[in-house]
1. Counting pairwise Cα distances across chain A, what percent come out greater than 28 angstrom?
2. If packing is taken as the average count of other Cβ atoms within 10 Å, what order do A:80-88, B:68-76 fall into, highest mean first?
3. Placing unit charges on C-beta atoms (Lys and Arg positive, Asp and Glu negative, everything else neutral), compute the dipole magnitude of segment A:117-249 about its Cα centre in debye, rounded to 20.
4. Excluding same-chain residues fewer than 8 positions from A:LYS90, which aspartates and glutamates have a Cα within less than 17 Å of its Cα?
5. Looking at segment B:77-145, which trypsin sites (Lys or Arg not before Pro) are DSSP coil and have at most 12 other C-beta atoms within 10 Å of their C-beta?
6. State log₁₀ I(q)/I(0) for segment A:150-250 at q = 0.12, 0.21, 0.24, 0.25 Å⁻¹ as given by the Debye formula over alpha-carbon point scatterers of equal weight, solvent excluded.
7. I'd like the mean, over residues of B:185-194, of how many other protein chain beta carbons sit within 10 Å of each residue's own Cβ.
8. Using DSSP loop states and a limit of at most 12 other Cβ atoms within 10 Å to flag GluC sites (Glu not before Pro), what is the longest stretch of chain A containing no flagged site?
Amino acid sequence: MKLILKIWRQDGPQDEGDFEIHQIDQVSEDSSFLEMLDQLNEQLLGEGIEPILFDHDCREGICGTCSLTINGLPHGPENSTTTCQLHMRKFSDGDTITIEPFRARAFPVVRDLVVDRSAFDRITQAGGFITVRTGSAPDGNALPVPKDDSDLAMDAAACIGCGACVASCKNASAMLFTSAKAGHLNLLPQGKAEKDKRVLAMVSAMDGAGFGNCRNYGECSAACPKDISLDYIAKLNRDHAKAKIKKIFS
Amino acid sequence: MFTSSLGKKYIMALTGIVLIGFVFVHMAGNLQILLGQEAINAYAHALQSLPMPILWGSRVFLIVCVILHAWTAVVLIRENRAARPHANEIEVTKRAGLASLKMGFSGITLLLFIVFHLLHFTIRTIYPEYDDLMTTVGSPNEGEIHDVYSMVLAGFNHLWISIFYVVAMFSLSGHLAHGFSSVFQSLGIRSESWGKKLDLAGKAYAWSICLGFSIVPVLVTIEKFGFITFFETSTYSFPVALN
């Protein structure tokens, strides 16, 4: 395959940044999107050009490190797929592909396509944990958890924290991430005890990080590589209101 | 309670509920004009004769809801713009519908409409001569009351006003279509399993309200051009008859 790549280059957080156009030949249809970028970087090194920086780690769709907005879509055109699991056979020979970093004020560009997503860490640090040591794995069913609840908690726990929800949101809202992280713990008996404290702290950290407000578009869930449902956002809205009211009357 | 990002959404939802309910009551009241001059005049007179605290209490409450709703929207939109200072080179929308994306536009249209509508039919500064329309039709006693029937017919006798009203009602239907189901999501009483039904209910509600409000200016306009005879134009006390 022969491709034209329109790629965002930015020297640092303060730099303006702009697109650069590169042509790449002999891309295998079986290579992943990141392998294609590796191939491009080899080519650039050969030409004496600084390689393009992009985030990647496990390359098997579970770490949440890869990002990239490809032709306007975070993680590219495939549903329920991370960039590392996207294959070049989803594109056609001769295509022009536009590659941009995830765009949000809360995700400043470090360089080129690498963005700083530590705002998510700050939300998790605010309440995405259980404050006591819960010990090693207990015997099965020692702590009864209804199957429906454990399924829902697992669906929320599938969030890999990649930030596609923020990148796809026209308001750069982090509600899907925050609601998945809070919902996961709030649904389980170990996490329920600190539910109110957790939702208040996590929402406050989310607001403090400079994310936008949720407008119920649903773009986040459509872009999510793990198909996290909007139900978690509704649940966070409800839990947050309840926690606030309880706090007022306590 | 209302300072966080979610708190602002609660304000939008709670004031939204009041306004969603209000448009239905207002529409139901309006439709009495189809029953004739007596019905609408009697209804309007009964509303105007409500005890002061109830009449003005409701008016102030509604205006406060509109102001809170609009002001919070402005704050939210400013924050949202700041949160995403750099647009994507290619902007793709996967799921969001036109109505949800254009809430700001439909909201501004509605705000302008509300101001115009109040000046047109409530405060009557646009056509002060509407104040002189008095009749005994629909009066609870023999005394003269304001002839709302004739005022509405005269009001929609201007084509541009009818068009503006209908355009505003289409904006309202878009605003309601997204707003109705958003109320449930923002207050956390929505799930994806019945969310689809909620969206449908929202759309049905939005279009019913749009139709219910638009039917009066549309009928008057059709009659103005002589295609039908529906309203009792003979009972007009207004000097300018239809067409």
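1. Numbers: 12127 of 31125 pairs.
When all Cα pairs of chain A are counted, 39 percent exceed 28 Å.
2. Working: A:80-88: 21.1, B:68-76: 16.3.
Ranked by mean Cβ neighbours within 10 Å, highest first: A:80-88, B:68-76.
3. On the way: 18 positive and 13 negative charges, 109 e Å.
Charge dipole of segment A:117-249: 520 debye, to the nearest 20.
4. List returned: A:ASP25, A:GLU29, A:ASP30, A:GLU35, A:GLU78.
5. On the way: sites: B:ARG78, B:ARG81, B:LYS94, B:ARG95, B:LYS102, B:ARG124; in loops: B:LYS94, B:ARG95, B:LYS102, B:ARG124.
Passing sites in segment B:77-145 do not exist.
6. -0.36, -1.06, -1.31, -1.39
7. Numbers: counts 9, 8, 4, 12, 3, 8, 5, 6, 2, 0.
If you average over the peptide's residues, the count of other-chain Cβ atoms is 6.
8. Details: sites that count: A:GLU16, A:GLU29, A:GLU47, A:GLU60.
Between exposed loop sites, the widest span is A:61-250.
Readers should treat all values here as calculations from the given coordinates under stated rules, not as data from a laboratory. Worth saying up front: this structure is predicted, and the values here are computed from it rather than measured. Cβ sites come from the backbone with ideal geometry, for glycine too, and all protein chains shown count toward neighbours.
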